[in-house]
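One structure is given below, encoded as structure tokens.
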Amino acid sequence: MNQSELIQEAKRAREVAYVPYSKFPVGAAVQTKSGNVYIGSNIENAAYPVTCCAERVAIFKAVSEGDTEFTNIAVVADTDRPVPPCGSCRQVMSEFFKADTPIYTTNLHGDVKEFRMNELLPFSFAPSDLPKDRE
Ligand SMILES: O=c1ccn([C@H]2C[C@H](O)[C@@H](CO)O2)c(=O)[nH]1
Ligand SMILES: [Zn+2]
């Protein structure tokens, strides 16, 4: 799936966002090496902090299917500039994405800004930072 098709999938996900509190729907679509595409939308909760962002829903759907090798992701919201993924989602992306994995951020005006993983979260805490001598 090419960039514009992936963005279309993210827009489709945005349509089913569960956002009764913020009324701010976000959509994401992530693609894996196996060629599968997983879509996610933000899912809010009356206990507000329990909310999960669209990006993490999409990534967790893939990982929960054993599909953990990602090639790219698209994120869309109705923002003036292409919507920047939050810090928590960047950390989750960094667990699975390579340093050069493309992240397409966009909005409903058709603005697209492409980043690499290491641009969105440089000097990230990584699995390799954990101590190795733990049982
Ligand atoms: O990149 C982003 C930024 C925000 N949100 C969600 C979280 C919350 O439901 C709403 C407002 O922050 O948007 C996402 O899903 N992705
Ligand atoms: Zn987020």
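Odds and ends about this structure:
- Condition met for GLN8 (modelled with pLDDT of 95 or more and either in a loop (DSSP other than H, G, I, E, B) or more than 12 Å from the chain's Cα centre (by Cα) (or both)): yes
- Residue check for GLU55: of a type in the set (D, E, K, R) and touching a Cys at 6+ places or on another chain (Cβ under 8 Å): yes
- Residue in segment 87-110 that is touching a residue at least 40 places away in the same chain (Cβ under 8 Å) and polar (S, T, N, Q) present: yes
- Odd one out for PRO85, checked against (1) under 22 Å from TYR38 (Cβ atoms); (2) outside any loop (DSSP other than H, G, I, E, B); (3) within 16 Å of ligand 1 (Cβ to nearest atom): (2)
- Scope segment 77-101; condition crowded, with 16+ Cβ neighbours inside 10 Å and either more than 13 Å from ligand 2 (Cβ to nearest atom) or modelled with pLDDT under 95 (or both); matching residues: THR79, PRO82, PHE96, PHE97, THR101
- In segment 54-79, the residues that are within 10 Å of TYR38 (Cα to Cα) form no Cβ pair under 6 Å with any partner that is of a type in the set (D, E, K, R) and surrounded by fewer than 22 Cβ atoms within 10 Å (Cβ to Cβ), whether six or more places apart or across chains.
- Cβ separations smaller than 8 Å between residues 6+ apart or across chains give the following pairs from segment 16-31 residues that are within 12 Å of ligand 2 (Cβ to nearest atom) to residues that are at pLDDT 95 or above and among the basic types (Lys, Arg): VAL26/ARG14.
- Cβ-Cβ distances below 7 Å connect the following pairs, each with a first residue in segment 32-43 that is more than 11 Å from ALA10 (Cβ to Cβ), a second residue that is away from ligand 2 (no atom under 16 Å from the Cβ) and of a type in the set (Asp, Glu), and a separation of six or more residues or different chains: THR32/ASP67; THR32/GLU69; LYS33/GLU69; SER34/ASP67; ASN36/ASP67.
- Selected residue (criterion: surrounded by the most Cβ atoms within 10 Å (Cβ to Cβ)) from residues of segment 19-72 that are within 11 Å of the chain's Cα centre (by Cα) and assigned to a loop (DSSP other than H, G, I, E, B): ASN42
The values are calculated or read from the model by the stated rules, or taken from the named source; none is laboratory data. On a predicted model such as this, the values are computed, not experimentally measured, just so you know. Counting neighbours? That spans all protein chains shown, and the Cβs are built from the backbone with ideal geometry, glycine included.
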